[in-house]
1. Pop a pseudo-label 7 angstrom from the Cα along the beta-carbon direction at both ASP275 and ASP12 and give the gap in nm to one decimal.
2. Any chance you could check the Cα centroid distance between the stretch 24-68 and the stretch 102-155 for me, in angstrom?
3. Would you grab the residues whose amide H sits under 5 Å from the one on ASN92? Only those 5+ places off in sequence or on another chain, please, with H modelled 1.01 Å from N.
4. Residue by residue through the stretch 263-273, what is 3J(HN,Hα) from phi via Karplus (6.51 cos²θ - 1.76 cosθ + 1.60, θ = phi - 60°)? Round to whole Hz and write x for glycine and proline.
5. Taking H placed 1.01 Å from N in the peptide plane, check which residues at least 5 places from PHE10 or on another chain put their amide H under 5 Å from its amide H.
6. How much net charge surrounds GLY63 when only other residues with a Cβ under 11 Å from its Cβ are counted (Lys, Arg +1; Asp, Glu -1)?
7. Going by how many other Cβ atoms sit within 10 Å of their own, how do LEU108, LEU95 line up, fewest first?
8. Calculate, in nm to one decimal, what SER203 and HIS254 gain on full extension: separation in residues at 0.36 nm each, minus their alpha carbon distance.
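Quick note: the coordinates plus some simple rules give every number you see, no bench work behind them. What you see is a predicted model, and the numbers here were worked out from it, not measured in a lab. Glycine gets a Cβ as well: all are built from the backbone with ideal geometry, and neighbour counts include every protein chain shown.
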Amino acid sequence: MAPRSRSSVFCDREKLFPRYIPGVLPHREPQMRVLQGLFMEFLRRPGETYQRVVQLLGPIGAGKTCTANRFCLQYQREAEEKGISLKYVHVNCKLEARSSFTLYRTLLEMAAPEVASRGQSPGEMLRLLVDHLRSEGMYLLLVLDDVDYLIRRQKGEEPEGGVVYDLTRLNEMHLGEPGNVVGVIFIARDEGFRDLLDPSEVSTLGSVVVRLSGYDAGQLWDILAARVEEAFRPGAVEEGIIGYVADLAAGKRHQPGDCRFALDILLTAGLIADDEQADSVNLEHVRTAVGETYWGMSSEGLLALDEHSMAVLRGAIQALRFEKTPYVDLRTVHEFYKVSCETQELCSLSYSRVRELAMDLHHGGFIDYQMERGIGIAGASLEDLSRILSNLERRRDLV
């Protein structure tokens with residue numbers, strides 16, 4: 001009888017994908033309240049307010065799309081409860097709109113498919129959209145995601161005018177009257193795209209900005225803990241693993257605080273655990289996942305290390321194996337370093353010198369050295385890295 005295969009560490013891996021929008025967004029409540037305040041008046045007096053234009057800015061992985069999506073879905077539901085016919089349309093400019101023409105066509109097909117047809121110019125499509133909303137007594141809340149990508153692409157081809165000018169003036173098709181476009185939310189990484197706009201576009205864009213900063217380690221822990229509860233079986237991911245992944249994402253050299261990166265690591269680590277038929281996600285799964293999805297250690301870089309730096313690295317590996325924790329303090333590494341030196345018949349260096357070498361290894365991307373936490377390794381599994389070091393040392397012996 002064949003042995004029974006282990007069950008997956010996941011209960012619903014879809015909860016780790018970027019497209020999933022959780023019911024609660026930890027640490028984005030202030031931004032949600034600002035958006036609510038900006039758009040609340042329409043729900044009190046539908047048809048009597050003017051179009052809101054908002055810029056939602058923040059780095060990669062700061063939750064811009066999730067925040068906009070969660071707010072708009074909630075806003076649409078509140079409108080429905082009040083008997084207001086409001087449609088929320090979210091367009092990703094990087095994926096769905098490579099020009100103003102494709103953007104307006106996508107917008108028309110999503111908001112008013114019954115009047116969309118081929119052969120219409122961009123201006124005609126916008127006019128059709130506005131007239132359709134008015135005739136049907138409908139309202140529209142529009143979100144343009146990654147709008148900076150479209151603007152940079154468009155300005156290379158159409159230096160005058162553009163989507164910002166067009167979409168912020170939709171309600172001017174019927175001057176003096178509140179229009180049926182409740183608002184437009186432009187999502188971008190930063191304000192740099194404003195430098196590409198002409199003065200008339202900057203003026204219509206306005207200065208209403210909602211900013212999101214990258215998450216810190218504590219905030220990432222809260223977010224990941226909630227996602228783990230939804231995505232993994234109970235007990236499949238320990239709190240120490242969650243904290244380790246949160247620290248890695250918060251301490252990234254490039255784009256620190258990237259929640260998307262942290263979720264990708266958890267997903268990949270879980271897939272590795274399933275492939276090994278493991279009962280839970282462990283540190284080695286996370287280290288391997290980081291090596292596969294972010295940074296790795298090149299053999300060339302390792303070969304360039306001197307023998308004492310190699311001994312410190314080997315000491316860190318052995319200390320992490322022994323402690324079975326994400327980080328170990330430098331004194332523990334120093335003790336294992338001395339054992340490594342004895343094996344290699346090296347005279348061990350002082351603690352202060354080993355600390356300097358550890359900092360060099362950190363700056364070289366071989367280890368993660370934080371004064372308050374200690375030393376960790378994320379770029380490869382400990383087993384793989386130990387094997388690589390052994391192979392490199394054999395290569396050196398042959399030279």
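1. 2.6
2. Here the two parts' Cα centres lie 21 Å apart.
3. ASP145
4. 5, 4, 5, 4, 5, 5, 4, x, 5, 5, 4
5. Amide H to amide H, under 5 Å and 5 or more residues apart or across chains, PHE10 pairs with ARG233.
6. It works out to a net charge of +3.
7. Ranked by crowding around the Cβ, least crowded first: LEU95, LEU108.
8. Residue separation times 0.36 nm, minus the Cα-Cα distance, leaves 15.1 nm.
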